[in-house]
Amino acid sequence: MPKDAPRRWDRRMQQRLAHGEAAALAELYDRFASLVHGLAHRVLGDESGADRITREVFGHIWENPDAYDPRQGPLRSWLATLTHQRAVRRLRQTEAAALARGGAGTTEDLERKVRRASAAARADYIVTAMPAPLRAALELAYFQRRDYRQTAADLGVTEDEARRRLRLGLQLLSTAIDTSPASGTSRDHGTAR
């Protein structure tokens, strides 16, 4: 597959949506609904909330097809950012309403919860988006507690290659940690356009 194939697909999808092609929305939904729902669920921890966010995201795309600009980055990243922003906003609203009703916790607790949920959602996105060889190495090391030598043997690669894959995978995952005081959406996968 040519290197520009995903970008061409993104541009063509945006054009099809701009022309009001319902089949394009269905194709986009089939391709990315599990990503959108999974990220929303990771932030909210709530199935019905994730369902609502998924409907909102795809409704927004249908009503605003020009909101996405293919020149600014991959459609997948834009969708993840849009989802993350909406889910964090919903989490803040829900938790703030609970605090206002006299629920346990403080505003600081709310912000910590939002930061944790955001970092977890970013980590999930990063893992699902990373190349399969890196993901396989990380899964062996984390879930099966393999060291780099065992990972190399399991993957049939050299020890140097196993170390390289683990290092790159961990470097990618480290970008999920948001150390800023605000939960922030600026360090996410780009900004929604």
Check your understanding: Where residues in the range 81-97 are open to solvent by 20 Å² or more (accessible area, probe 1.4 Å) and polar (S, T, N, Q), which of them is nearest to Leu25 (Cα to Cα)?
Key -> Gln85
Check your understanding: Within the range 103-118, can one find any residue that is of a type outside the set (S, T, N, Q), out of contact with any strand residue (DSSP E or B) (no Cβ under 7 Å at 6 or more places or on another chain) and within 20 Å of Val57 (Cα to Cα)?
Key -> yes
Practice item. Take the range 98-135 and flag every residue that is open to solvent by less than 30 Å² (accessible area, probe 1.4 Å), of a type outside the set (Gly, Ala, Ser) and under 11 Å from the mean Cα position of the chain (by Cα). Key: Arg122, Tyr125, Ile126
Review point. Can you name the helices (runs of 4 or more DSSP H) wholly within the range 89-193 that have at least 2 residues being of a type in the set (Ser, Thr, Tyr) and modelled with pLDDT of 80 or more?
Key: 148-155
Review point. Looking at the range 24-35, is at least one residue open to solvent by 30 Å² or more (accessible area, probe 1.4 Å), under 26 Å from Ser118 (Cβ atoms) and not in a helix (DSSP H, G or I)?
Key: no
Check your understanding: Conditions: (1) surrounded by fewer than 17 Cβ atoms within 10 Å (Cβ to Cβ); (2) closer than 21 Å to Arg31 by Cβ; (3) under 20 Å from the mean Cα position of the chain (by Cα). Glu63 meets all but one. Number of the miss?
Key -> (3)
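Would you pick out the residues in the range 66-80 that are surrounded by fewer than 20 Cβ atoms within 10 Å (Cβ to Cβ) and in a helix (DSSP H, G or I)?
Asp66, Ala67, Pro70, Arg71, Gln72, Arg76, Ser77
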**Study point:** Tally, over the range 36-59, of residues that are surrounded by 20 or more Cβ atoms within 10 Å (Cβ to Cβ) and among the hydroxyl-bearing types (Ser, Thr, Tyr)
**Key:** 1
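The values are calculated or read from the model by the stated rules, or taken from the named source; none is laboratory data. Given the structure is predicted, the values throughout are model-derived calculations rather than measurements. So basically every Cβ, Gly included, is an ideal-geometry build from the backbone, and we count neighbours across all protein chains shown. These area figures cover heavy atoms from the full protein model, side chains too; ligands, DNA and RNA do not enter into them. Shrake-Rupley method; radii C 1.70, N 1.55, O 1.52, S 1.80 Å.
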